[in-house]
Structure formats: C-alpha cells, structure tokens
Amino acid sequence: MASGLGYGLASWRHEDSPAATAQGGRKILYWYDPMVPSQHFDKPGKSPFMDMELVPKHADEAASGETGVTIDPARAQSLGLRIAEARIGTLGSNLTVTGTIEFNERDVAIVQARTGGFVQRVYARAPGDMIGKGAPLADLLVPEWAGAQVEYLAVRRIGDAGLARAARQRLLLLGMPTGTVAAVERSGRPHNVVTISTPTGGTIKTLGVRAGMTVASGQTLAEVNGLGTVWLNAAVPEAMAGRLRPGQSATATLAAYPGERFTGRIAAILPSVAAESRTLTVRIELPNRAGRLRPGMFASVDLGGAARSALLIPSEAVIRTGKRALVMLTLPQGRYRPAEVQTGTEAGGQTEILAGLAEGEKVVASGQFLIDSEASLSGIEARPIIGAAPAQAAAPSKGAYRATGRIESIAGDRITLSHAPVPALKWPAMTMTFRLAAPALARGFKEGDRVVFGFDQAADGPVVRTLSREAAR
C-alpha cells in the first residue's frame, strides 16, 4: 500500500510532462524512481525497478536548502490536508474513569465466642442483614459458668473482701462479660446464659451460628462490616498514574442518584497493575451517610486537578510509531517534513508537546500519514528533537524548549529562573541564569512571578525567546 501511496504522491507532484516543465522555466537536475530515490537517471522513461514512469528532480527543490516532500497547493486541497498551529493553551488535568463501590475492609468486626457452650437461641439474622451496634445475634448457654457464679455468691455472703475480689476476677477470666457479672451481683442468682451481640453496626458478611449447635471458645460466630465509609475502587490507565497522589480529592457520580456528587479522597494507589487492561486500582474513601452507597454500585469518578499552561497541538496530528512520536511540519513553498517530538499529557483532544516544536510552528492534522509514507519512501529523515529547526533560525522569536519556573532576578538582558525539569535536555529542576533575546521580554515582570518560557541552546548559553505568565492554578 505504501508503494501505491508513494507513487501517487510522486505523480501528483510531477504529473506535467518534461516539455511542460521546461516551459514553466524549472530546471530539471535528474530523473528518479520514487521507490528507489537514491538511483538517478539523466533522461525520462520507464523505471528499471518498477512498472512506472521516472519523475523529475527540479533545481529549485534542491536549492531551497530544506528537505521535505513537496505537494502542489491544489493537490493538498484535494488530499484534504488540514493544518494546525502549535499554540500555548490551558491543559485541563481532569481525568474521568469508572469504578465500583466496595466494602471498607478496615471497618470489619469479628464476633467470637469467649467460652465454649451451646446455642440456646438465635435472633433471626442472615448474611446481608443491616444491623445496628449492640444488636443481639444469639444466646449462649455456658454450663461451667454456673458453678463459678455460685462460688462467687457464697464468698460474697461470707464477707471476706479479698476472697470476693479473687472470685470475681475468676469470673472475668472465664470470659464472662462485666455486664453479666454485675447482673449476678444484683440478682444474687447464677446467670449462665449470655447474649452475643455485635460490637459495631453495619452489614452481616458471614454468620456461623445456628440454634442447638455447640461452639468452642474462640470460634467465629459472625463477621460484620461497617458502612460508615466505603471504598470506591477506580481503574486508572497506567499512563495516568503519575498524575495521582494519595490525599487528592475525587468526585463520584452514580446512576442511582442522578444529579448528586459524592466527594472523597484517594486513600491509596494499589501497587499492582492489571496485565489485561494495563490499569491500576485507585482506592477512594467516601463517607456513606445513611448507608446510601451500597457495595457493587457502579460509579463515574472525576479525579480532577488544576489546569496548567502548555504547548498544545491536536492529538490527531501525532504519528506514534511505537519507538517515537512524529508530526508532519508544514514548511514554506508547499513542503512538508517529519519532525520528532516528545509528548506529554493528553486531554480534550489536545496533546502537550514537551520538546521538538516551538510555538507558532504548523503541523498537518489530517492526511499526515499519506505524507509520512512518501517521506519514508524518499528517504527523508525526521528533524530530531535536539537542536532547533532551520526554519527557527530565521525566526529567533521562538524557543525550541519550554519550561515553567519562578523569576529570581532580572538584570539588563539577563534573567535568573528557578525552573522545573527539562526532559528534552535531561536537565533536573535548578536555578540558572538565561540571556534574554530582547530585554523588552521581561518588561512587566518582577521577582517572584511564575512564568512559562521558551528558550534555545545557543553557542554562548541558553537564550530566552518567549516569556509569559503561568496560568493560575
């Protein structure tokens, strides 16, 4: 298919005959086969490599000093090429994902038998029931308590305070609740039936007690999960993980409650990534007033954040090859050339460009794959990220690299900035002095201002080409 595209573009560019070309006053240097551009011929004719006509290479193409693919403006319109300009804009950092309400596993109570006995009565409970704090689960008959209680009552009647304290302590060590001991003291009769109740309110997750069964000391009778707060587990693409932090606010909307928004905070970002979906789980803790949020409910989660200023181009203009990202630059005289770029965050159909493009440069946003195929067939190399493009040399008002920072001082044509990292140059965050391309760039700025600046790497050090205030966070 690439062969057909290459030949098609070559035909669109050179469909005139040699004679017509000569009449147009354009000098032909040689003819070549677009499929084998390194092989030159001194006259037109059929290609020895493919069943196609050779196409001419004109002198004005070579003399322009700029490599690239040339497309006649009329042909560009018929191809549906759409051009977009790299501009400074506000990049929203909102991230919307989906999630599911789950139990808060930190709010779990285990109900166990303190001593062995027989279940005398149950209170019609079942897994899934909602219960309050102190709700009864079962009455447990404990035969060994009867003898110890009778002994305690007898010691109390003797009036020996020391023996009475020791006998009372024995009751507590047998697992008898203080309320039961107090009831024995009030009534003066043994109480060998104890009511097992829940220490917290919530929902019964498991229930292992039935009438007539025998239970052992320490046996788990029930598991109760509180519902005061719930977890919202959201699936976030791993590419977005770096934008999230524990403690960050999040807002959820649920189909069950249209128009309502539930606000919580990120409690944890779980360490493992799902291999199938390449997502990681973000755990958000939500207050659950009146128990309205039920485990299993589906939610849409807005993991918002502050907007920031960035160099943006349409996301559709980026060609991702797997190893690198390219854009198709629009050059003068109907020429196009691939350029390598370093991309950042993508939001709202716009992609942040960290390096490789300067503000004001134009790229092809539609039809760029066709031109890229022709550039590959013609052996045209992409403009690398390191260094400014030749076109930029003629326009020193633009900067090849961009960063944000804080103004520390301004002195004549020098400005000292504490700036963020510059990935394209492998610079860490640091404070350094830049030369201003024009002192007027700093007019209206003062120490402490937060700015976005574009700069070039000149032979005598970095030069600031553009300077603007950073968007308010």
Next item on the list: Could you check how many residues of region 162-182 are open to solvent by less than 30 Å² (accessible area, probe 1.4 Å) and over 60 Å from the mean Cα position of the chain (by Cα)?
Entry: 2
Margin query: Condition first: more than 30 Å from VAL236 (Cβ to Cβ) and either part of a loop (DSSP other than H, G, I, E, B) or modelled with pLDDT of 90 or more (or both). Now tell me which residues in region 93-117 satisfy that.
Written below: ALA109, ILE110, VAL111, ALA113, ARG114, THR115, GLY116
Notebook entry, point to check: Of the residues in region 282-298, how many are open to solvent by 50 Å² or more (accessible area, probe 1.4 Å), assigned to a strand (DSSP E or B) and either without any contact (Cβ under 8 Å) to a residue 60 or more places away in the chain or at positive phi (or both)?
Noted result: 1
Check: Since ALA393 meets every condition but one in (1) of a type in the set (A, V, I, L, M, F, W, C); (2) at pLDDT below 85; (3) under 34 Å from the mean Cα position of the chain (by Cα), which condition does it not meet?
Finding: (3)
Note to self: For the condition of a type in the set (A, V, I, L, M, F, W, C), modelled with pLDDT under 85 and farther than 30 Å from PRO287 by Cβ, what is the one hit in ALA167, ALA124, ALA161?
What the structure shows: ALA161
Item checked: Scan of region 189-211 for residues that are among the small types (Gly, Ala, Ser), open to solvent by 40 Å² or more (accessible area, probe 1.4 Å) and within 16 Å of THR115 (Cα to Cα), ordered by number -> SER197
Checklist line | SER309 more than 28 Å from MET130 (Cα to Cα), out of contact with any Pro (no Cβ under 7 Å at 6 or more places or on another chain) and in a loop (DSSP other than H, G, I, E, B) | finding: no
Checklist line | Failed item in (1) more than 32 Å from the chain's Cα centre (by Cα); (2) surrounded by 14 or more Cβ atoms within 10 Å (Cβ to Cβ); (3) more than 22 Å from GLY360 (Cβ to Cβ), with PHE434 passing the rest | finding: (3)
Next item on the list: Filter region 258-268 down to the residues that are in a strand (DSSP E or B) and open to solvent by 60 Å² or more (accessible area, probe 1.4 Å), then identify the one that is nearest to ARG292 (Cα to Cα).
Entry: THR263
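Take VAL111 and decide whether it is of a type in the set (A, V, I, L, M, F, W, C), in contact with a Leu (Cβ under 7 Å, 6 or more places away or on another chain) and crowded, with 17+ Cβ neighbours inside 10 Å.
On the way: of a type in the set (A, V, I, L, M, F, W, C): yes; in contact with a Leu (Cβ under 7 Å, 6 or more places away or on another chain): yes; crowded, with 17+ Cβ neighbours inside 10 Å: yes.
Yes; evaluated as a whole, the condition is true for this residue.
Against the condition crowded, with 16+ Cβ neighbours inside 10 Å, aliphatic (A, V, I, L, M) and in contact with a Gly (Cβ under 8 Å, 6 or more places away or on another chain), how does ALA252 come out, does it pass? Even if it seems obvious, please write down each step before you answer.
Values: crowded, with 16+ Cβ neighbours inside 10 Å: yes; aliphatic (A, V, I, L, M): yes; in contact with a Gly (Cβ under 8 Å, 6 or more places away or on another chain): yes.
Judged against the criteria, ALA252 is a match.
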Note to self: Quick check on region 185-205. Is at least one of its residues among the aliphatic types (A, V, I, L, M) and out of contact with any Leu (no Cβ under 9 Å at 6 or more places or on another chain)?
What the structure shows: no
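Restricting region 127-151 to residues that are among the hydrophobic types (A, V, I, L, M, F, W, C) and open to solvent by 40 Å² or more (accessible area, probe 1.4 Å), which is nearest to the chain's Cα centre (by Cα)?
Quick first cut of region 127-151, residues among the hydrophobic types (A, V, I, L, M, F, W, C) only: 130-131, 135, 137-138, 140-142, 145-146, 148, 150.
Still in the list and also open to solvent by 40 Å² or more (accessible area, probe 1.4 Å): 130, 141, 150.
Working: MET130: 37, LEU141: 57, VAL150: 68 Å.
Once the filter is applied, the top-ranked residue is MET130.
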Checklist line | Subset of region 437-461 that is in contact (Cβ under 8 Å) with a residue 40 or more places away in the chain and open to solvent by less than 40 Å² (accessible area, probe 1.4 Å) - its residue that is farthest from ALA403 (Cα to Cα) | finding: GLY448
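Restricting attention to region 152-161, report how many residues are exposed (fewer than 15 other Cβ atoms within 10 Å of the Cβ) and either touching a residue at least 12 places away in the same chain (Cβ under 8 Å) or touching a His at 6+ places or on another chain (Cβ under 6 Å) (or both). Steps first, please.
Quick first cut of region 152-161, residues exposed (fewer than 15 other Cβ atoms within 10 Å of the Cβ) only: 154, 157-161.
This time we only want the ones that are either touching a residue at least 12 places away in the same chain (Cβ under 8 Å) or touching a His at 6+ places or on another chain (Cβ under 6 Å) (or both), so: none.
Count: 0.
The values are calculated or read from the model by the stated rules, or taken from the named source; none is laboratory data. If you're wondering where the values come from, they're calculated on a predicted model, not measured in any experiment. Neighbour counts run over all protein chains shown; Cβ positions are idealised from the backbone, glycine included. Only protein heavy atoms, including side chains, enter the accessible area calculation; ligands, DNA and RNA are left aside. Shrake-Rupley method; radii C 1.70, N 1.55, O 1.52, S 1.80 Å.
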